[in-house]
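Note sheet for the following structure.
The values are calculated or read from the model by the stated rules, or taken from the named source; none is laboratory data. Since this is a predicted model, take the numbers as computed values, not measurements. Here the Cβ positions follow ideal geometry from the backbone for every residue, glycine too, while neighbour counts run over all protein chains shown. Heads up: the accessible areas ignore ligands, DNA and RNA and are worked out on the full protein's heavy atoms, side chains in. Shrake-Rupley method; radii C 1.70, N 1.55, O 1.52, S 1.80 Å.
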Amino acid sequence: MPSLSYLLARLLQIIPTFLLVMIFIFLLVRLLPGDPAIAMAEAKATDAQLEQIRHNLGLDQPLPIQFLVFVKNTLTGDLGRSIMLKAPVTEIILDRLPTTIFLALYSVLLAICLAGPLAFLAAARVNSAVDVTIRSVFQVGLSMPVFYIGLVLLTVLAAQMRWFPVGGYGTSFLDNLHHLMLPALSVALYTSAIILRNLRASLIEVLDADYVQFARAKGLSRRIVMTRHVLRNALVSTVTLLGLSIGNLMSGTLVTETVFAVPGVGRLMLEAIFARDYPLIQGLTLTFAVLVSVVFLLTDIVQSWLDPRLRQS
Amino acid sequence: MSIVVQSSTRKAGRIGAFLGRAFSRPSFVIGFAILALSIALALFPQVLAPYDPLAFDLSAIQQGPSLVHPFGTDNFGRDVLSRVIWAYRVDMQMAFFATIFALLIGVTVGALVGYYGGIADTIFGRCVDAIITFPFLVLVIAIVAVLGPGLVNMYVAITAVNWVYYARLTRAEIMAQKANDYAAAGRVLGYSDRRIIFRHLLPNATSPIIVYWMTDMALAILLGSSLGYLGLGAQPPAAEWGVLIAEGRNFLLTAWWMSLMPGIAIVLTGLGFSLVGDALADLLRPKGR
């Protein structure tokens with residue numbers, strides 16, 4: 001396991017990054033052309049009402065003070081009130097977040113199940129007909145936008161074959177799995193194309209490496225060579241890649257939630273944008289940033305656990 | 001003078017040999033053909049499209065693909081093929097404008113921080129960390145939300161995020177090049193920093209940037225059409241593939257061609273960029289790496 005000091009150093013690194021993230025998010029709303037109060041208020045708001053909104057938002061204070069207040073509120077979990085839903089932003093987000101995390105994990109799982117075996121198949125016989133077919137199909141998958149894959153799956157498997165519901169989330173765990181199958185698959189197809197490409201390349205490299213030849217030569221069974229030497233090494237790069245594509249994955253869930261009407265934070269983000277609900281947009285953007293950095297952190301930890309060489313640096 | 005002439009003919013010869021090697025690869029030829037056709041469609045839709053993309057024909061509403069309308073017609077009787085062809089103009093523009101400014105800004109910033117290092121490099125590193133902490137699409141739509149929907153605002157939003165990736169790539173390349181003897185020789189000869197960076201180091205760092213640019217243009221089309229689909233990019237009645245797919249969304253069962261056909265154009269164009277990009281990556285990779 002990685003040492004405590006490594007973890008601490010990694011955690012400390014996040015602080016300046018997050019300070020910048022907060023500045024970005026803070027400035028984003030301040031950069032609104034015109035007065036945010038006018039953008040937020042109803043068209044027929046009076047001057048007094050506008051003044052009230054400005055005061056509520058703290059907009060009558062100087063910028064640095066506003067920023068400190070924003071940081072303080074955020075750290076205490078207060079992200080303001082949503083204009084559109086008339087409820088605390090934190091509450092709304094916490095309510096919707098599990099759905100999105102469920103969807104994201106589901107699609108990662110599907111992507112691994114899809115790409116893993118196929119990568120082995122392709123790497124076992126480089127440039128064979130099987131390898132070329134697998135690679136071509138996934139190359140096309142890489143050129144397909146998530147919303148398009150989603151619409152095709154929706155039309156064929158949900159609307160025509162009626163194997164899956166056309167949208168929504170469901171109530172029980174199995175029901176969730178059933179409802180989210182197609183949205184997860186739309187994201188998984190794209191993610192698996194990225195994994196497959198990388199996994200295939202690293203498998204080919206590892207299978208050819210001296211230490212694997214050596215392990216075979218000293219008479220280790222095929223299974224032990226595969227699991228202990230080949231898989232472990234190929235895993236390092238796949239975990240890194242999966243971690244780094246978390247941003248892509250979240251972007252994908254945002255789109256797929258919209259296509260399949262899944263009540264997660266992605267769809268909420270889009271609704272907030274069309275409603276010009278700035279506190280909610282701000283809170284959601286921050287949530288996404290937190291999610292991504294948590295995954296980056298986990299990736300680092302898993303990586304240094306799988307590959308001790310990385311702990312030195 | 002003679003050295004200059006000699007080197008320029010040698011350069012022409014090298015480019016010729018490079019093109020020869022490129023065109024002997026089937027994947028490059030296919031990708032190149034797709035892109036050439038895409039550019040032709042983007043430049044001359046008025047010649048190549050059979051119908052006016054905006055003309056309603058209420059006597060031919062939602063007709064399936066036929067000889068008269070190869071891609072069918074939409075819910076206003078507009079010819080889908082013509083709309084897909086006119087959309088090439090918008091989507092190819094997106095591929096270019098959403099990436100070119102990011103490339104120019106990113107390469108300049110990356111070259112400078114890579115060469116000088118120091119405090120600027122540290123600040124740059126932190127900014128990169130912060131920007132990649134946002135999912136790309138989330139940050140772009142948040143910026144579009146502030147600026148308002150539309151193509152130009154979309155370019156601004158994408159550029160504001162995308163330059164980081166070019167800068168990161170260029171910085172790494174420049175730092176690798178800086179360690180070479182020829183860079184030290186330039187400094188000994190008393191060349192200005194500007195000359196060393198932009199005339200000596202950067203030209204040696206262009207291959208990976210060009211390769212990345214190719215894949216990035218494919219990504220820009222995916223991103224742009226997604227924004228169009230979500231209603232944040234190109235605005236109807238403009239013909240853009242994402243917008244066209246969104247228009248067909250309510251008729252998936254009765255008029256599937258409305259959404260299917262523009263999607264094929266996206267996939268095909270994306271494929272063209274990645275085939276050319278992959279082939280260039282192979283060809284430009286220095287031997288022995």
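Checking the conditions here, which among A:VAL302, A:VAL239, A:VAL230 is in the same structural domain as A:ILE195 (by TED's automatic domain parsing), over 13 Å from the mean Cα position of the chain (by Cα), touching a residue at least 60 places away in the same chain (Cβ under 8 Å) and open to solvent by less than 50 Å² (accessible area, probe 1.4 Å)?
None of the other options fit; the residue is A:VAL239.
In region B:251-281, what count of residues is obtained for those that are without any contact (Cβ under 8 Å) to a residue 24 or more places away in the chain and in a helix (DSSP H, G or I)?
Of the residues in region B:251-281, 5 are without any contact (Cβ under 8 Å) to a residue 24 or more places away in the chain and in a helix (DSSP H, G or I).
Restricting to helices (runs of 4 or more DSSP H) lying wholly in region A:161-276: which have 2 or more residues that are within 20 Å of B:ARG249 (Cα to Cα) and in contact with a Gly (Cβ under 6 Å, 6 or more places away or on another chain)?
A:173-208, A:246-259
Would you pick out the residues in region A:81-105 that are farther than 30 Å from A:LEU174 by Cα, open to solvent by 30 Å² or more (accessible area, probe 1.4 Å) and not hydrophobic (A, V, I, L, M, F, W, C)?
Selection gives A:ARG81, A:LYS86, A:PRO88.
Take the conditions more than 23 Å from A:VAL262 (Cα to Cα), surrounded by 14 or more Cβ atoms within 10 Å (Cβ to Cβ) and either in contact with a strand residue (DSSP E or B) (Cβ under 7 Å, 6 or more places away or on another chain) or at pLDDT below 90 (or both) and apply them to A:ALA115. Does it pass?
Considered against the rule, which asks whether it is more than 23 Å from A:VAL262 (Cα to Cα), surrounded by 14 or more Cβ atoms within 10 Å (Cβ to Cβ) and either in contact with a strand residue (DSSP E or B) (Cβ under 7 Å, 6 or more places away or on another chain) or at pLDDT below 90 (or both), A:ALA115 comes out as no.
Looking only at region A:278-290, count how many residues are surrounded by fewer than 24 Cβ atoms within 10 Å (Cβ to Cβ) and either more than 10 Å from every other protein chain (Cβ to nearest Cβ) or of a type in the set (D, E, K, R) (or both).
1
Name every residue in region B:251-267 that is at the interface with chain A (Cβ under 8 Å from one of its Cβ atoms) and within 17 Å of B:LEU37 (Cβ to Cβ), in order of residue number.
Answer for region B:251-267, where residues must be at the interface with chain A (Cβ under 8 Å from one of its Cβ atoms) and within 17 Å of B:LEU37 (Cβ to Cβ): B:ILE266, B:VAL267.
How about region A:271-289: which of its residues are farther than 14 Å from B:LEU139 by Cβ and of a type outside the set (D, E, K, R)?
Passing the criteria: A:ALA272, A:PHE274, A:ALA275, A:TYR278, A:PRO279, A:LEU280, A:GLY283.
Can you pull out the residues in region B:221-250 that are facing chain A (nearest Cβ under 8 Å) and either open to solvent by less than 10 Å² (accessible area, probe 1.4 Å) or closer than 16 Å to B:ALA98 by Cβ (or both)?
Listed by number, the residues that qualify are B:LEU222, B:SER225, B:SER226, B:TYR229, B:LEU230, B:LEU232, B:GLY242, B:ILE245.
What number goes with the only condition from (1) surrounded by 19 or more Cβ atoms within 10 Å (Cβ to Cβ); (2) within 10 Å of another protein chain (Cβ to nearest Cβ); (3) not aromatic (Phe, Trp, Tyr) that A:ALA122 does not pass?
(2)
Among the candidates A:SER186, A:SER245, which residue alone is at pLDDT below 90 and within 13 Å of chain B (Cβ to nearest Cβ)?
From the options A:SER186, A:SER245, the qualifying one is A:SER245.
Mind listing whichever residues of region B:95-138 are within 14 Å of chain A (Cβ to nearest Cβ) and open to solvent by less than 30 Å² (accessible area, probe 1.4 Å)?
B:ALA95, B:PHE124, B:GLY125, B:VAL128, B:ALA130, B:ILE131, B:THR133, B:PHE134, B:PRO135, B:LEU137, B:VAL138
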